Amino acid sequence: MHPYALRLLSSLLCGLPLLLAPAPASALLFGPTPYLDATDSPFFGLGLALEDFENGLLDVAAVSVNGGVVLPPAPLTDSVDPAGFSFYSNEFHTLVFTFSGPLPTRAGIVWTDVGFLDGETETATAMGDVIFEAFDENGVSLGQIGPVLLGDGTALAAPAEDRFFGVLHPGGISRIEIGMPDSGDFEVDHLQFGVPVPEPGTATLVVAGIAALGWRRRAA
């Protein structure tokens with residue numbers, strides 16, 4: 001079986017958390033799930049473009065963002081990579097990553113940390129609600145994850161709190177958004193996206209995954 005099919009099947013059988021809110025039948029949302037390195041992505045090994053910001057830039061082809069800046073290694077920089085870089089919201093409550101050219105059919109990002117909530121100036125709560133949303137080729141929402149409470153109560157780098165959010169949609173993904181309604185002081189890392197090469201059996205597996213998602217919604 002193609003690795004793409006194996007990876008998706010493994011995610012479904014292991015009970016990878018999926019969005020329970022309404023979404024198009026062909027879309028699957030993933031997360032939030034623990035993420036320590038690239039192998040923790042449900043899309044690992046599928047020919048992804050991975051932006052880890054380790055050159056100090058967001059310069060992967062065919063993607064742009066509405067705001068934010070890259071943070072260099074520092075005690076308060078929470079990167080997936082040891083002593084690495086991250087992407088900081090810099091007072092933006094929502095980071096919007098927009099894709100151009102051939103649209104990806106799977107995309108994801110890792111939330112890594114939060115410091116101050118709105119109105120805080122001295123002591124950081126370092127916990128807050130996170131929302132992830134993805135949009136199809138026409139800009140129509142594919143569904144939303146959250147708000148979900150994330151954070152460990154400290155703004156210091158701590159990879160145990162890192163969480164992956166992602167989406168699979170065969171029709172194409174025009175953008176993904178990750179944000180915190182109550183904070184513009186959060187970080188993300190490991191932006192990833194790609195277009196799979198369809199092989200026999202993959203489409204059948206995706207349909208099975210969609211059916212499983214529908215069952216979970218009914219059960220909920």
### Query
Residues in the range 160-181: is at least one polar (S, T, N, Q), touching a strand residue (DSSP E or B) at 6+ places or on another chain (Cβ under 7 Å) and at pLDDT 95 or above?
yes
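Look at the range 45-70 and say how many of its residues are more than 22 Å from residue 143 (Cβ to Cβ) and either part of a loop (DSSP other than H, G, I, E, B) or acidic (Asp, Glu) (or both). Please lay out each step first, then the result.
Applying the first criterion (more than 22 Å from residue 143 (Cβ to Cβ)) to the range 45-70 yields 45, 47, 49-62, 64, 67-70.
Right, trim to either part of a loop (DSSP other than H, G, I, E, B) or acidic (Asp, Glu) (or both) and you get 45, 47, 51-62, 67-68.
Result for the range 45-70: 16.
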### Task
Exactly one condition in (1) more than 23 Å from residue 46 (Cα to Cα); (2) touching a strand residue (DSSP E or B) at 6+ places or on another chain (Cβ under 7 Å); (3) modelled with pLDDT of 95 or more is not met by residue 132; state its number.
(1)
### Task
Tell me which residues, restricted to the range 127-172, are aliphatic (A, V, I, L, M), in a loop (DSSP other than H, G, I, E, B) and under 22 Å from residue 48 (Cα atoms).
none
### Query
Out of curiosity, is residue 30 within 21 Å of residue 151 (Cβ to Cβ), at pLDDT 95 or above, in contact with a Phe, Trp or Tyr (Cβ under 9 Å, 6 or more places away or on another chain) and not polar (S, T, N, Q)?
yes
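The values are calculated or read from the model by the stated rules, or taken from the named source; none is laboratory data. Every value quoted in this text rests on a predicted model; they were computed, and no experiment measured them. Glycine gets a Cβ as well: all are built from the backbone with ideal geometry, and neighbour counts include every protein chain shown.
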